[in-house]
1. Does the chain come out rounded, prolate or oblate, given a ≥ b ≥ c as the square roots of the eigenvalues of its C-alpha gyration tensor, rounded meaning a/c under 1.5 and, failing that, prolate meaning a/b above b/c?
2. Set the bar at 28 Å for Cα to Cα. Now go through Lys95/Lys392; Lys119/Lys230; Lys155/Lys261; Lys320/Lys392; Lys30/Lys392; Lys6/Lys155 and name every pair that lies beyond it.
3. Taking only C-alpha pairs under 8 Å that are 6+ residues apart, what is the relative contact order of segment 274-402 in percent?
4. Put +1 on the Cβ of each Lys and Arg and -1 on the Cβ of each Asp and Glu in the chain; which of Ala272, Thr130, Ile14 then has its Cα farthest toward the positive end of the dipole?
5. Output the peptides 442-454, 357-369, 294-306 sorted from most to least packed, where packing is the average of other Cβ atoms within 10 Å over each peptide's residues.
6. How much FRET efficiency would the formula 1/(1 + (r/R0)^6) give for His15 and Tyr136, where r is the Cβ-Cβ distance and R0 is 51 Å, rounded to 0.05?
7. For segment 145-219, what is the charge dipole size about the Cα centre, in debye to the nearest 20, if Lys and Arg each add +1 at the Cβ and Asp and Glu each add -1 at the Cβ?
8. Express the relative contact order of segment 1-91 as a whole percentage, based on alpha carbon pairs under 8 Å and six or more residues apart in sequence.
Amino acid sequence: MPDRFKTIIEPFRIHSVEPLRITTEDERRKKIRDAGYNVFALRAEDVLIDLLTDSGTGAMSRDQWAAIQHGDESYAGSPSWFRFLAAVQELFPFKHVIPTHQGRAAERILFSAIAGPGKVVPNNTHFDTTRANIEYCGAEARDLVIPEGRIPAAKHPFKGNMDVAALEATITELGRERVPLVMVTVTNNSGGGQPVSLANLKAVRAVCDRHRIPLYLDACRFAENAYFIKLREEGYAARTPREIAREMFALADGCTMSAKKDGLANIGGFLAMHDPDVARECRNLLILTEGFPTYGGLAGYDLEAVATGLDEALDEDYLKYRLRSTAYLAEKAEQAGIPAVQPPGGHAVYLDARALLPHVPPAQYPAQAVAVELYRAGGVRGVEIGSVMFGKRQPDGSELAAPLELVRLAVPRRTYTQSHIDYVAEVIAEVARRKDRLRGYRIVEQAPWLRHFTARFAPL
């Protein structure tokens, strides 16, 4: 889009449409009550603007739909597998690529192979499924983001960076035998969708080299991270996102990838690495639960869609529009009086519920209160990223609050128009006007793992 104009336009035209159902606030009050005040339990048809996640919810392009027609469903050695493999290795230069049905399957397989009791996996910030898969194996997931990454209002160009000194201290404290790998999430989802610089990745790589520990990337939003590097890191303004992405992955020994994000597909993912022994064990686990190594739980047409999407995700016009549209919504939230994590991330706006509702303590889940009110007020579905998702239950029955109380509004790729974003901004403003009336919640039912997906709540 020309730089001299202020209007944000989508760099695509709409080819087909899907109707949205308008509900009244009274209807929404009943529906969220029946859902146990958990937005995950709502029917999608009762949501007007769905910002629950950007994972698998984007709109595929005409070229992706055309590629689907080439899908070959042979059980082993499908031509679609070889196209997928070539597309992955063109960007991710790893010797072994293992397809999975989505990112958490890649995480489960990887950590089942290399983690276990007594092990510790450092990350800038683990996301929920990553943490759960590590802890399910009996290992510890340890967050080592830089201090600025823990302060929502702090402005730092790369708040997703790992604290390199803390990483060095962690490895020295534990010993290298207890650290099976170091992981860096790009962009850092739980920390506000914040990018990681190449300088930081190089510094982390140097620590890993000194201690002979593999470095893996959680790569699901790699294209957005690459574009942030182009915009913000000195020396990269003239580089393309594709060139930057290749440099990022050249620093790593492997990665997990959800292709439901920057693969621009509705399903899919992969695990990749250089180590042949780890790859062999991971393939064996894949065959046990996912499928044969040339399809990994995916249809041939899914492999084709991901292969095309990986290329489209690095288009600069698309990336410029995506980051600007997200920043625009964050600006509108701030103008309405709801602080958002600064600077805005690439895929989502993170509202600071702790700052908005100082009268609601973390034990009463202020971010859950804001998420519920966004739905009641305007049919907008976001997700709590706070003490419901990341609170830690203690042996005495108490709960250790999460460091941040955020509501994530994740924007699906190529799905909503600018007028939809303006509507969401109006709903945010309405919730800000109601802030003094909002109260917290208590959990009345929860699962031992990833409780936020299925928990039921009661208002206080």
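The values are calculated or read from the model by the stated rules, or taken from the named source; none is laboratory data. Fair warning: this is a prediction, and the values are worked out from it, not measured in the lab. When we count neighbours, we look across all protein chains shown, and the Cβ atoms used for this are built from the backbone with ideal geometry, even at glycine. Surface accessibility is based on the protein's heavy atoms, side chains included, excluding ligands, DNA and RNA. Shrake-Rupley method; radii C 1.70, N 1.55, O 1.52, S 1.80 Å.
1. Rounded, since a/c falls under 1.5.
2. Lys95/Lys392; Lys119/Lys230; Lys320/Lys392; Lys30/Lys392
3. Computed value for segment 274-402: 11 percent relative contact order.
4. Thr130
5. So the peptides 442-454, 357-369, 294-306, ranked by packing, come out 294-306, 357-369, 442-454.
6. That pair, His15 with Tyr136, gives E of 0.80.
7. 120
8. Answer for segment 1-91 is 16 percent.
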